[in-house]
Structure formats: structure tokens, C-alpha cells
Amino acid sequence: MIVTQTRSAFSEKLRAMEPDARPEHEVAALLEAVEEIRALKKKHNAVVLSHFYMPAELQVKHEDGGIADFVGDSLGLSVAAKSVEADTIIFCGVKFMAETAKILNPVKQVLLPSFDAGCSLAESITGEDVRMLKKLWPGVPVVAYINTYAETKAEADNCCTSRNALEIARSLGGDRLIFLPDLYMGRNLQSKIKAETGKELILWEGKCEVHEQFTPQRINGLKMMYPEAQVLVHWEVPDDTVSDALKGAGGIVGSTSDIIRFVGESQSRQFILGSECDLGATLRGMYPQKEFIVPCIKCPHMKQITMARTLDALRSIGTEKEALFEITLEDEIIRNALTPIERMLAFA
Ligand code: 13P
Ligand code: SF4
């Protein structure tokens, strides 16, 4: 009976999040995996942390019949990872996020269901590159976006996420700062910071391969088709999109959480989403009475994480296959990356 209730709660939630109903055989296969994952979580004292860009089925919460113990943005997931008491964290997100969880809670086992879950931003810069920048600009504070690998963070003074980048940039003294690696987000921050404080940002050339596709042409075309809709764009979209996007019906440029909050507070019923496709699933699940126009651009890295691979990761615990999923970092990297990450959490 309990299993039947859990199954129907999961199917209902999934239906609310996705624009098209899934074929029954697909839902049935997901339900089989969900049931086994829930049992294995209990057996191994494990929790699942899941990002808002995960496929809808990985965002359904445990209490709604799914597998996720916490669903959030990269800042929320870092805060959650730090306080996990269970033995194992199964991280349904990308590698830099799972590394951050390991740095914040190094005594826990952190498993990532696919090591192919990278990130074009994280891959655009190394620790060596940061050392070179510090030599070029001695004494200038380095702010590393959370979308970097641990060895890059280990060279930074501060980390930030899209939710607190502006606040952190404002809080640092001096008339310059190095912000890396996202060029567009840096330019978007620069236009605010320069106007407020005159501070210059020294930028890197990294780009998010998903958000760079939200060009002014793409967003303006949708605005013409849906003139009443408000526009929701992430900080990582190109700066020329940002300067155009909000003209007319309004909207927000912000982090994933800012976007979610904005929709909840807005009187508008229709929105154009300029961010990862599955954030559309999150928004539909939270605000069923509102309509979301979503040009469906999926992050190929986030989509490496599937229900089947999450099950594989859990099945591996205590077997020789565990190493295929386990995040391991050198102690020195953990020590050096912890300080900038803790400084980021002071602004959570
Ligand atoms: P958030 O910090 O908003 O979770 O974004 C993560 C990300 O990868 C954006 O592309
Ligand atoms: Fe990286 Fe962009 Fe994917 Fe986020 S959406 S993980 S920034 S490639």
C-alpha cells in the first residue's frame, strides 16, 4: 500500500513538471529504479543532493515519492552538503559541485553518478592559469566562480555563486578584482559594479555553452511571439542579451534562485526562460498555474546524470566498482580550497 502511494505521488509530480506526458513504459522503468534507490539509500545511510538542472525525475523529492533529499542551486547544495550527517552523499549534479561537497564535508563519501558530468566553464581554467594571473596582477583579489575545479578554487581568495557574486564583489576592497572564469557573467557584474564603485574587473574568457546560446536574437524573437511574457535570464547569458532582455514586459537577470523567487512574487502568468531547459521542470512543478516558454537547451554535462547511473552509484557502495564514482581530492587541495569556499558561504 505504501509503495503504491509512493509510486502514484512520484508519477503525479513528474506529470506536473514536464510539458508532455512520458510513455507509460518509461515511467514504469523509472519507478522500478526509484524503489531500489530508496531502499539502497536506507541500507547505506546515503542522501541524494540534486541540482535544479537535473532531469525532472531526479528532482522529485523523497517525501513526494522520489529520491532527492535536497534540491537546490549550487549555493544551496553547498550549504546542504556541509551539514549532511549521513555516511554517503550521492551528488546529482556536475563534478565541480560534487568536489565542493567533498571539500566542505571531507569525512563523508561523495559519489558522482558519472565522471563525464563536466562543465565548459570549469574546464576553461586551471590552477596554473590562476597562478599566472596572480603574477600579472599582484595583490589583486581573485574571485573564482563556483563553476571551477578544486585545484582552481585552491588558488583563489574567494569563491562565489551566481547568487552572491555581486555582494562578494562589492564587499572586496581595492579598485580592481580578478573574476573568473565566466566572461559574460563578469561583464554583467562589471556593468553594475563599475557604475556603483568604479571598480574594474579583470576577466577570463570562459563561457557556459548553454547560456551563451541565449542570444539577443533568440530572446527578442520570443518576446515578439509572447509580448505579455516576462523574461527570466541567468547571469551567465551574454551581456548584450541582458541589456535587451528586460525592455518591455520586464523580468529578471539573476541566479537560479533569484529566478525561482521572482516567478513566485510576480503577478505575471507567462514567462520566457533564458536558462537550462530542466529549470523549466522545476518552475512548472512549483508554479502549476503559470506558463513557461522554454527554448529547451539542455546542459550535456548535467544530462550525464540519469536515474540508471544514480542507481549504479548506489549499487557500487562496498564493492570494487565504488572507485568509479567516488570523488577523491588531495588533502592539500581540500585545505587550500576550503578557505575561499567558506568565505563564499559567509554570504549564503
Ligand atoms: P546556479 O549557481 O544558479 O545553481 O548555477 C549553476 C550553473 O551551472 C549555471 O549554469
Ligand atoms: Fe557548466 Fe553551463 Fe552546464 Fe552550468 S549549464 S554546468 S555552467 S556548462
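So is PRO295 more than 12 Å from ligand 1 (Cβ to nearest atom), in a loop (DSSP other than H, G, I, E, B) and either surrounded by 15 or more Cβ atoms within 10 Å (Cβ to Cβ) or modelled with pLDDT under 95 (or both) or not? The answer is yes for PRO295. Scoring ILE272 on the criteria (1) of a type in the set (Val, Ile, Thr); (2) in a helix (DSSP H, G or I); (3) more than 16 Å from ligand 1 (Cβ to nearest atom) leaves a single failure, condition (2). Checked against the criterion of being within 16 Å of ligand 1 (Cβ to nearest atom), of a type in the set (S, T, N, Q) and closer than 29 Å to HIS51 by Cα, the range 126-143 has no qualifying residue.
Conditions tested, residue by residue: (1) touching a Phe, Trp or Tyr at 6+ places or on another chain (Cβ under 7 Å); (2) in a helix (DSSP H, G or I); (3) within 30 Å of ASN220 (Cα to Cα).
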site	(1), (2), (3)
GLY285	no, yes, yes
PRO300	no, no, yes
LYS303	no, yes, yes
THR310	no, yes, no
GLY318	no, no, no
ALA323	no, yes, no
THR328	no, no, no
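Matching residues to (1) within 16 Å of ligand 2 (Cβ to nearest atom); (2) touching a helix residue (DSSP H, G or I) at 6+ places or on another chain (Cβ under 7 Å):
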{"position": "PRO113", "(1), (2)": "yes, yes"}
{"position": "LEU121", "(1), (2)": "yes, no"}
{"position": "VAL142", "(1), (2)": "no, yes"}
{"position": "THR148", "(1), (2)": "yes, yes"}
{"position": "CYS159", "(1), (2)": "yes, yes"}
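Would you check if there is a residue in the range 85-95 being assigned to a helix (DSSP H, G or I), under 12 Å from the mean Cα position of the chain (by Cα) and either within 12 Å of ligand 1 (Cβ to nearest atom) or farther than 21 Å from ASP312 by Cβ (or both)? Yes, the range 85-95 has at least one match.
Could you check the range 245-264 and list, in sequence order, the residues that are closer than 14 Å to GLY76 by Cβ and surrounded by 21 or more Cβ atoms within 10 Å (Cβ to Cβ)? Selection gives SER255, THR256, ILE259. Each residue in the range 223-239 was checked for being touching a strand residue (DSSP E or B) at 6+ places or on another chain (Cβ under 9 Å), within 14 Å of ligand 1 (Cβ to nearest atom) and not in a strand (DSSP E or B), and 3 of them qualify.
Each row is one residue, and each column tells you yes or no for (1) touching a helix residue (DSSP H, G or I) at 6+ places or on another chain (Cβ under 8 Å); (2) surrounded by fewer than 21 Cβ atoms within 10 Å (Cβ to Cβ).
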site	(1), (2)
SER171	no, yes
ILE178	yes, no
ASP182	no, no
GLY221	no, yes
LEU232	yes, no
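Put simply, of ASP157, ASP116, ASP129 the only residue that is out of contact with any Pro (no Cβ under 6 Å at 6 or more places or on another chain), within 21 Å of GLU330 (Cβ to Cβ) and surrounded by fewer than 20 Cβ atoms within 10 Å (Cβ to Cβ) is ASP129. In the range 190-214, the residues that are farther than 24 Å from GLU276 by Cα reach residues that are of a type in the set (S, T, N, Q) and away from ligand 2 (no atom under 16 Å from the Cβ) with C-beta atoms within less than 6 angstrom, at least six apart or across chains, in these pairs: LEU201/GLN190.
The values are calculated or read from the model by the stated rules, or taken from the named source; none is laboratory data. This is a predicted model, so every value here is computed, not measured. Virtual Cβ from ideal backbone geometry, glycine too; neighbours counted across all protein chains shown.
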